[in-house]
Amino acid sequence: MKRSEIIQAEKMSADAHSGGAIHQKWVANYRTPEMQAFYDMAFDKIVKLLDAPRDSMILDAGCGSCAKSVLLASKGFRVTAVDYSADALKLAKETIYAQGLADRVTLKQEDLLGLSFPDRSFQYALCWGVLMHIPDVQRALSELARIVKPGGILVLSEGNVNSMQAKLMRTLKKLLRRERAEVRHIPAGIEYLEKTDQGTLLTRQTNMSWLITECDRLGFDVKARIAGQFTELYVAVPWRPFKTLLHGLNSLWFQHVGWAGPAFGNILILEKRLSA
């Protein structure tokens with residue numbers, strides 16, 4: 001893609017968290033009590049795996065509305081929260097002030113394809129559900145690798161192209177001929193480009209084997225690979241009892257199964273080698 005297209009895709013990712021019809025749909029699906037309960041549970045586990053001292057600084061790369069930054073700050077960390085979109089950062093500022101965490105979270109406008117931070121700036125970094133919207137994912141990963149210190153930890157959360165949900169939906173859309181997006185198969189996974197009123201929105205379901213290999217090339221070892229949500233099909237069903245059932249399945253899978261392979265959400269805890 002051209003640089004202008006990359007910038008537009010990054011802006012679309014931010015705008016999905018900051019305003020308009022896309023944002024309203026996102027809020028309705030992901031800003032619910034059930035989702036908050038899941039995120040609290042997931043970040044308790046992530047914090048345990050990080051084993052970081054209280055008041056450690058964590059980079060939230062692609063912070064959006066700062067929901068994940070707030071979770072980290074409320075658990076005793078300081079956070080540098082960055083996003084490409086000024087609108088997203090405006091919403092993020094409202095979020096952290098509403099939560100009384102303005103002294104724990106520093107906001108900054110940044111481009112994940114060219115971060116302004118010096119090499120080896122952060123011991124800990126989080127990039128949650130952001131890379132899936134960036135066309136030049138290799139460049140974004142390289143930037144994240146650059147700013148993490150040797151021995152530091154990078155946490156990535158992405159949608160798994162080989163999950164049961166992803167396979168089921170691809171099969172159903174093919175049989176019913178219901179795919180509306182342009183579909184592209186690349187080594188990093190399967191990309192869906194959907195036209196919206198705000199432009200073309202890119203969403204990638206990630207080939208986790210590719211992602212792990214790419215992170216290895218950049219000097220990271222996998223410390224843990226855990227399931228996020230088993231499914232996000234609750235966004236597609238209109239019936240409240242079904243939504244509740246799917247949220248229950250996600251909680252059960254996360255707490256008692258944890259197998260990442262069949263799960264749609266995958267969380268990688270990556271440790272940068274001392275020699276990198």
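The values are calculated or read from the model by the stated rules, or taken from the named source; none is laboratory data. Computed from a prediction, not measured in an experiment: that's the story for all the values here. With ideal geometry, Cβ positions are generated from the backbone for all residues, glycine too; neighbour counts draw on all protein chains shown. Each accessible area value is taken on the protein alone, full model and side chains, heavy atoms only, with ligands, DNA and RNA left out. Shrake-Rupley method; radii C 1.70, N 1.55, O 1.52, S 1.80 Å.
Checking each residue in the range 200-222 for being in contact (Cβ under 8 Å) with a residue 40 or more places away in the chain, surrounded by 15 or more Cβ atoms within 10 Å (Cβ to Cβ) and outside any loop (DSSP other than H, G, I, E, B) picks out L201, L202, T203, R204, Q205, T206, M208, L211, I212, E214, C215, F220.
Taking the conditions (1) among the charged types (D, E, K, R); (2) in contact with a strand residue (DSSP E or B) (Cβ under 7 Å, 6 or more places away or on another chain); (3) without any contact (Cβ under 8 Å) to a residue 24 or more places away in the chain; (4) under 20 Å from I134 (Cβ atoms) in turn, R180 satisfies each one other than (4). Do you know which residues across the range 258-276 are in a strand (DSSP E or B) and either aliphatic (A, V, I, L, M) or farther than 19 Å from V47 by Cβ (or both)? Within the range 258-276, I267, L268, I269, L270 qualify.
Exactly one residue among K173, K108 is charged (D, E, K, R), under 15 Å from T80 (Cβ atoms) and open to solvent by 10 Å² or more (accessible area, probe 1.4 Å), and that residue is K108. Each residue in the range 133-169 was checked for being open to solvent by 70 Å² or more (accessible area, probe 1.4 Å) and out of contact with any Pro (no Cβ under 6 Å at 6 or more places or on another chain), and 6 of them qualify.
Take the conditions (1) under 27 Å from R31 (Cβ atoms); (2) modelled with pLDDT of 95 or more; (3) touching a Phe, Trp or Tyr at 6+ places or on another chain (Cβ under 8 Å); (4) not acidic (D, E); A181 misses just one of them, which is (2).
Reported count of residues in the range 26-50, each being part of a helix (DSSP H, G or I) and polar (S, T, N, Q), is 2. Scanning the range 51-75 for residues that are among the hydroxyl-bearing types (S, T, Y), open to solvent by 10 Å² or more (accessible area, probe 1.4 Å) and not in a loop (DSSP other than H, G, I, E, B) gives a single hit, S74. A single entry from R146, R120, R139 fulfils the requirement of being touching an Asp or Glu at 6+ places or on another chain (Cβ under 8 Å) and free of Cβ contacts under 8 Å to residues at least 40 places away in the same chain: R146. When residues in the range 225-257 are screened for being open to solvent by less than 70 Å² (accessible area, probe 1.4 Å), modelled with pLDDT of 95 or more and either touching a strand residue (DSSP E or B) at 6+ places or on another chain (Cβ under 7 Å) or not in a helix (DSSP H, G or I) (or both), 9 of them pass.
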